[in-house]
Amino acid sequence: MRVTLHRSASLDARALSAVRQAALGPLLRDSGDALAVPSRSGLAVRLAGDGELRSLNARHAGIDAATDVLSFPGERDWVGDIAISVERAIAQRPEDPAAELRLLAVHGLLHCLGFDHGDPVEAARMTGETRRLLPGAAIPDLEAETPTP
């Protein structure tokens with residue numbers, strides 16, 4: 001899978017350091033291979049701040065609040081687009097923001113590929129896939145939640 005990372009010009013030095021340490025391109029390519037995503041498929045990842053994620057969340061989900069990750073599934077050879085708030089990742093796991101970025105990236109990829117956590121069975125399946133793709137990482141159990149329309 002081809003992965004393109006787009007970094008917002010608003011990211012500060014700490015955020016850029018966390019992004020570099022997360023090595024999201026190789027992680028997502030390896031995850032795509034493990035999930036049998038065709039190698040010619042594409043995925044774009046936008047790494048931004050809370051303001052941009054809030055705007056995207058309001059525009060696409062009707063929720064006027066920042067969030068950590070948004071996924072926009074694609075069609076055919078386009079896996080989709082993922083937007084991640086680096087600012088939120090740092091706040092959620094200040095001791096290891098790179099690990100939080102990896103978790104959010106894999107979570108977003110799984111959503112692009114049709115995984116969800118709307119009920120307990122789906123949540124358990126998505127948690128299992130996340131743990132398989134991030135071996136050795138501390139992955140919390142996903143709680144079932146109703147998807148936003």
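The values are calculated or read from the model by the stated rules, or taken from the named source; none is laboratory data. This one's a predicted model, so the numbers in the text were calculated from it and none came from an experiment. Note that we place each Cβ from the backbone using ideal geometry, even for glycine, and neighbour counts take in every protein chain shown.
For segment 72-87, filtered to residues that are crowded, with 21+ Cβ neighbours inside 10 Å and not acidic (Asp, Glu), the residue that is nearest to Arg2 (Cα to Cα) is Val79. Going residue by residue through segment 123-146, is there one that turns out to be under 16 Å from the mean Cα position of the chain (by Cα) and basic (Lys, Arg)? Yes, that holds for at least one residue.
How about segment 88-140: which of its residues are of a type in the set (Lys, Arg) and touching a residue at least 40 places away in the same chain (Cβ under 8 Å)? First the steps, then the outcome.
Just the residues of segment 88-140 that are of a type in the set (Lys, Arg), to begin with: 88, 93, 102, 125, 131-132.
Passing the criteria: Arg102, Arg132.
Do you know which residues across segment 9-35 are of a type in the set (Ser, Thr, Tyr) and surrounded by 19 or more Cβ atoms within 10 Å (Cβ to Cβ)? Matches in segment 9-35: Ser31 only. For segment 63-87, give me the residue count where each residue is in contact (Cβ under 8 Å) with a residue 24 or more places away in the chain, over 12 Å from Ala18 (Cα atoms) and not aliphatic (A, V, I, L, M). Final tally of qualifying residues: 9. Within segment 1-32, the residues that satisfy the criterion of being within 17 Å of Ser85 (Cβ to Cβ), under 16 Å from the mean Cα position of the chain (by Cα) and either in a loop (DSSP other than H, G, I, E, B) or β-branched (Val, Ile, Thr) (or both) are Ser8, Val19.
Of the residues making up segment 36-71, those that are hydrophobic (A, V, I, L, M, F, W, C), assigned to a helix (DSSP H, G or I) and crowded, with 16+ Cβ neighbours inside 10 Å are Leu53, Leu56.
In segment 16-33, of all residues being in contact with a strand residue (DSSP E or B) (Cβ under 8 Å, 6 or more places away or on another chain) and among the small types (Gly, Ala, Ser), the one that is nearest to Arg88 (Cα to Cα) corresponds to Gly25.
All told, Gly128 falls short of being surrounded by fewer than 17 Cβ atoms within 10 Å (Cβ to Cβ) and modelled with pLDDT under 95.
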